[in-house]
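*Asks:* For reference, the structure I am asking about is given below.
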Ligand code: SF4
Ligand code: SF4
Ligand code: SF4
Ligand code: FES
């Protein structure tokens, strides 16, 4: 979430889920909300039923389009051109919130100049969205308040994901839609505790509560609390770790509860990188694809088998409670870590329960300082919550932004083509998405019923493209990118535009990520998931092979 | 807020302006039978079981739809109302497939409750033709079934699907006696736009929409959904050491009792036979002389004990061995030769501890997780 942090000072959903239904205008960009976050999708539905305007920007015809006032069907990876186009119209028509900009923002003039460089006709050409639709959307966003922006992976999973987010932040600042109820720039988090993992400092450059590793004072504080010497330099980001492992610089990898082989971009590279490790420890509840490459696998307890807290996408810290005993001999992750630390003779890992750990977190993290297990017994509290009388913060930046000056910065963002573009040989753009019924791979495959709803990978392809390639619905085709190829069954549908194909990455049988590209965003190192050039070939023989007949049983 | 006072059954009751008679009565502890009323969705007043008498009005009015007025005088029960209700109930029962003994809803069924409360006139009832419709049961959805023979056409499910989920997967179709819940073009539910959220099933007052697996929990634990960043509050229903159901937490400020398909039905993975149960280790090490060598061959199974790999295969070892092995091997490497990846699925406490472990014990800042994804 580096994009948001750069503009406002911290990178979390600025407003609350409950405020969405009160919004007068909703701009959903790159988020298939009804599928990935159904409960938030319901808030959007509720708002629309109450008369809110909805603008959807997505290359696919997602279910939300049905409710939308305007659907901007942009080419994958051209979000910035679209947002900048919208902002140009807002400035041209004088729809910006001048008072807000003067009072709360900085760097406006330079920003304005950079936006005025964008020509609407060029935006139209890059995005494929008709200019009049851009104008309509701009008028809506510029004149209706409160307006809120929702986005997810669609916008961050690009080689320029950070810029996308900053462009959205600019839009919110320009229209004064931030720091008030039902406004804001709201990243909807995918996994249940991504927010918490970030808050807790499971990041190479910050401790808990985003206290910087490079900041002398913060480091001193943690050195005192933990009674040890700490490294003053930032660590490696995940993609860099695998690169370092590949080059032999990293010898040991300790992986907890992730399955990068299935979920990360460019799977074959990661597999190779892992094979170069000297020691690979995996801690998970299942013997995942990745775990099978490990030297040691430690069985962890599932979420219902331990106490603790999760922090949701709206910064709300909520309790998780132990409901059943851990299966077999599995143990909660925190216990395993404590045992290893104690066995290595290190102090500071004598915890008897999760609450004791939480107390230590509180003491070291100002934004969590006022949250206690007692206070969140009934319902969670949204950080920042600086003391135990503070009610929590439903929306951020009502007074000032978390930047040194207290003002939000307009950032200069311009459109760059995706790192990977189509060519004569690879004429299609592949976009990836998640299926509503599957949560990454492992958990829902193991839960009964889910495989029945959506049994196998279907690659979506437009009827016109299918006709050119003489492909039939349900036929097995070979999809290849510059990195590798996979087979998949087709689904001919107008959900995708011509020239674009779409696959999910929820199925182990079809490892879509073999195709995706590793070109990461320069700042967050998020690999480019969404856009990748592919070619499609028929595979006649696949009709009869046994392999194909076995597909889709959901067995791993 | 403005209060309105009215008289119900001779008792003076105060209620919020704009409330219905039903709400005012319920808040005052006065029972009015209802069938098609569901507090989560708007009232449409189709069952007519909640009819009450209002002074100076010619007709009986449905309590669930009539807004209270200052000085209103309401009677919720008298012999005439009773007779009316009995007749309505008899008509509903006459084509209901009531084999309560085999019905999973038995004990929690609104219709049973109404029969107990209102009763019926045996003489009149026996003259009605009891022909339960013999419509096919829709078992296409993997999580719940729809048995139209038990449906009482209350339309709660339809209103739920429209108002709460916005999916509009189902609606009432056909006319009069044939009136029933149907998907677009009367296809099986699975082939409709239904997203299997189960909200309709949760609210069906009778045994028409019913989960596939009905096991009644013996205790409930309040917790948070592990599937996505929304973090819906929910109660897990436990029987023995098994999660048998989940229901949304009405008090949660996040989801107000709602859940999606994953949050409601996605729990059998916890009990999946594939769970890892013993630490595993690759078998080329000294430590891989475990007390019991259990070769683990199945792939993709969940783990419940540490594992080691031998000749490309894993063997199970004890926790003591596993911890010692990890601790002693980690001791050989320090600093930037090590990297750790934490998980966005683990709790805050575990993420905190893991980064502390990486920074303090492994002496490196090489810690990350899949946050950017
Ligand atoms: S399960 Fe959900 S989507 Fe499907 S019919 Fe019921 S309420 Fe509608
Ligand atoms: S299925 Fe249940 S909720 Fe729906 S109309 Fe029939 S009885 Fe009512
Ligand atoms: S119930 Fe659905 S929307 Fe709610 S947290 Fe779980 S997965 Fe997310
Ligand atoms: S509950 Fe009032 S008419 Fe059905």
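*Asks:* For region B:218-238, enumerate the residues that are more than 10 Å from every other protein chain (Cβ to nearest Cβ) and over 26 Å from residue B:344 (Cα atoms). Don't jump to the end; show me each part of the working.
*Replies:* Within region B:218-238, the first condition is being more than 10 Å from every other protein chain (Cβ to nearest Cβ), and the residues that meet it are B:218, B:234.
Selection gives B:218 alone.
*Asks:* Looking at region A:185-220, which of the residues that are away from every other protein chain (no Cβ under 11 Å) and outside any strand (DSSP E or B) is surrounded by the most Cβ atoms within 10 Å (Cβ to Cβ)?
*Replies:* A:210
*Asks:* Can I ask one more? Consider region A:317-353. How many of its residues are under 30 Å from the mean Cα position of the chain (by Cα) and more than 8 Å from chain B (Cβ to nearest Cβ)?
*Replies:* 1
*Asks:* Could you list, in sequence order, the residues of region B:39-56 that are assigned to a loop (DSSP other than H, G, I, E, B), surrounded by fewer than 22 Cβ atoms within 10 Å (Cβ to Cβ) and either within 16 Å of ligand 1 (Cβ to nearest atom) or without any contact (Cβ under 8 Å) to a residue 40 or more places away in the chain (or both)?
*Replies:* To start, the set of residues in region B:39-56 that are assigned to a loop (DSSP other than H, G, I, E, B) comprises B:39-50, B:55-56.
Now narrow it down to the ones that are surrounded by fewer than 22 Cβ atoms within 10 Å (Cβ to Cβ): B:39-46, B:48, B:55-56.
Matches in region B:39-56: B:39, B:40, B:41, B:42, B:43, B:45, B:55, B:56.
*Asks:* Among the residues of region A:291-302, count how many are touching a helix residue (DSSP H, G or I) at 6+ places or on another chain (Cβ under 8 Å) and crowded, with 24+ Cβ neighbours inside 10 Å. Walk me through it before giving the result.
*Replies:* First, the residues of region A:291-302 that are touching a helix residue (DSSP H, G or I) at 6+ places or on another chain (Cβ under 8 Å): A:293, A:296-298, A:300-302.
From what is left, the residues that are crowded, with 24+ Cβ neighbours inside 10 Å are A:296-298, A:300-302.
Looking only at that region, the number is 6.
*Asks:* Okay, moving on. Which condition does residue B:220 not pass, out of (1) modelled with pLDDT under 90; (2) more than 16 Å from ligand 3 (Cβ to nearest atom); (3) under 29 Å from residue A:318 (Cα atoms), if it passes all the others?
*Replies:* (1)
*Asks:* If you don't mind, there's one more thing I want to ask. Considering every residue within region B:331-349, establish whether at least one is surrounded by 24 or more Cβ atoms within 10 Å (Cβ to Cβ), within 44 Å of the chain's Cα centre (by Cα) and part of a helix (DSSP H, G or I).
*Replies:* Yes, some residue in region B:331-349 is surrounded by 24 or more Cβ atoms within 10 Å (Cβ to Cβ), within 44 Å of the chain's Cα centre (by Cα) and part of a helix (DSSP H, G or I).
*Asks:* Determine which member of the set A:356, A:360, A:314 is more than 7 Å from every other protein chain (Cβ to nearest Cβ), out of contact with any strand residue (DSSP E or B) (no Cβ under 7 Å at 6 or more places or on another chain) and crowded, with 18+ Cβ neighbours inside 10 Å.
*Replies:* Being more than 7 Å from every other protein chain (Cβ to nearest Cβ), out of contact with any strand residue (DSSP E or B) (no Cβ under 7 Å at 6 or more places or on another chain) and crowded, with 18+ Cβ neighbours inside 10 Å holds for just one of A:356, A:360, A:314, which is A:360.
*Asks:* Answer yes or no: is there a residue in region A:262-285 that is out of contact with any helix residue (DSSP H, G or I) (no Cβ under 9 Å at 6 or more places or on another chain), over 22 Å from residue A:197 (Cβ atoms) and not assigned by TED's automatic domain parsing to the domain that holds residue A:365. Show your work before the answer.
*Replies:* To start, the set of residues in region A:262-285 that are out of contact with any helix residue (DSSP H, G or I) (no Cβ under 9 Å at 6 or more places or on another chain) comprises none.
Among the residues of region A:262-285, not one is out of contact with any helix residue (DSSP H, G or I) (no Cβ under 9 Å at 6 or more places or on another chain), over 22 Å from residue A:197 (Cβ atoms) and not assigned by TED's automatic domain parsing to the domain that holds residue A:365, which makes the answer no.
*Asks:* Considering (1) out of contact with any helix residue (DSSP H, G or I) (no Cβ under 6 Å at 6 or more places or on another chain); (2) touching a residue at least 40 places away in the same chain (Cβ under 8 Å), say which one residue A:255 fails and leave the rest.
*Replies:* Exception for residue A:255: condition (2).
*Asks:* Could you say whether any residue in region B:203-215 is in contact with a helix residue (DSSP H, G or I) (Cβ under 7 Å, 6 or more places away or on another chain), part of a helix (DSSP H, G or I) and either within 11 Å of chain A (Cβ to nearest Cβ) or in contact (Cβ under 8 Å) with a residue 12 or more places away in the chain (or both)?
*Replies:* Within region B:203-215 (the criterion being in contact with a helix residue (DSSP H, G or I) (Cβ under 7 Å, 6 or more places away or on another chain), part of a helix (DSSP H, G or I) and either within 11 Å of chain A (Cβ to nearest Cβ) or in contact (Cβ under 8 Å) with a residue 12 or more places away in the chain (or both)), the answer is yes, since at least one residue qualifies.
*Asks:* Here's something else I'd like to know. In region B:20-38, which residue that is in contact with a strand residue (DSSP E or B) (Cβ under 8 Å, 6 or more places away or on another chain) and surrounded by fewer than 17 Cβ atoms within 10 Å (Cβ to Cβ) is farthest from residue B:8 (Cα to Cα)? Break it down into steps so the answer makes sense when it comes.
*Replies:* So in region B:20-38, the residues in contact with a strand residue (DSSP E or B) (Cβ under 8 Å, 6 or more places away or on another chain) come out as B:20-21, B:23-25, B:27-28, B:30, B:32.
Going one step further and asking which of them are surrounded by fewer than 17 Cβ atoms within 10 Å (Cβ to Cβ), we end up with B:27-28.
Numbers: B:27: 12, B:28: 9 Å.
Filtering region B:20-38 for residues that are in contact with a strand residue (DSSP E or B) (Cβ under 8 Å, 6 or more places away or on another chain) and surrounded by fewer than 17 Cβ atoms within 10 Å (Cβ to Cβ), the one farthest from residue B:8 (Cα to Cα) comes out as B:27.
*Asks:* Listed residues B:97, B:145, B:134; which is away from ligand 4 (no atom under 16 Å from the Cβ) and in contact with a strand residue (DSSP E or B) (Cβ under 9 Å, 6 or more places away or on another chain)? Give the derivation first.
*Replies:* Numbers: B:97 fails: in contact with a strand residue (DSSP E or B) (Cβ under 9 Å, 6 or more places away or on another chain); B:134 fails: in contact with a strand residue (DSSP E or B) (Cβ under 9 Å, 6 or more places away or on another chain).
Just one listed residue meets the conditions, B:145.
*Asks:* Related question: Can residue B:85 be described as over 22 Å from residue B:200 (Cα atoms), over 28 Å from the mean Cα position of the chain (by Cα) and either without any contact (Cβ under 8 Å) to a residue 12 or more places away in the chain or more than 16 Å from ligand 3 (Cβ to nearest atom) (or both)?
*Replies:* Values: over 22 Å from residue B:200 (Cα atoms): yes; over 28 Å from the mean Cα position of the chain (by Cα): yes; either without any contact (Cβ under 8 Å) to a residue 12 or more places away in the chain or more than 16 Å from ligand 3 (Cβ to nearest atom) (or both): yes.
Yes: the conditions hold for residue B:85.
*Asks:* What is the one condition in (1) surrounded by fewer than 20 Cβ atoms within 10 Å (Cβ to Cβ); (2) on the phi > 0 side of the Ramachandran plot; (3) within 14 Å of chain A (Cβ to nearest Cβ) that residue B:166 does not satisfy?
*Replies:* (1)
*Asks:* Please specify each residue of region B:241-255 satisfying the condition of being surrounded by 19 or more Cβ atoms within 10 Å (Cβ to Cβ) and in a strand (DSSP E or B).
*Replies:* B:243, B:244, B:245, B:246, B:248
*Asks:* Based on what the data block shows, is residue B:68 crowded, with 18+ Cβ neighbours inside 10 Å, touching a helix residue (DSSP H, G or I) at 6+ places or on another chain (Cβ under 9 Å) and not assigned by TED's automatic domain parsing to the domain that holds residue B:12? Break it down stepwise before answering.
*Replies:* On the way: crowded, with 18+ Cβ neighbours inside 10 Å: yes; touching a helix residue (DSSP H, G or I) at 6+ places or on another chain (Cβ under 9 Å): yes; not assigned by TED's automatic domain parsing to the domain that holds residue B:12: no.
Spelling it out, it is not the case that residue B:68 is crowded, with 18+ Cβ neighbours inside 10 Å, touching a helix residue (DSSP H, G or I) at 6+ places or on another chain (Cβ under 9 Å) and not assigned by TED's automatic domain parsing to the domain that holds residue B:12.
*Asks:* Against the definition (touching a strand residue (DSSP E or B) at 6+ places or on another chain (Cβ under 9 Å), part of a loop (DSSP other than H, G, I, E, B) and away from every other protein chain (no Cβ under 12 Å)), how does residue A:177 come out, yes or no? It would help to see each step written out before you state the result.
*Replies:* Details: touching a strand residue (DSSP E or B) at 6+ places or on another chain (Cβ under 9 Å): yes; part of a loop (DSSP other than H, G, I, E, B): yes; away from every other protein chain (no Cβ under 12 Å): yes.
So residue A:177 fits the description; yes.
The values are calculated or read from the model by the stated rules, or taken from the named source; none is laboratory data. Because the structure is a prediction, the values reported are computed rather than measured. Cβ sites come from the backbone with ideal geometry, for glycine too, and all protein chains shown count toward neighbours.
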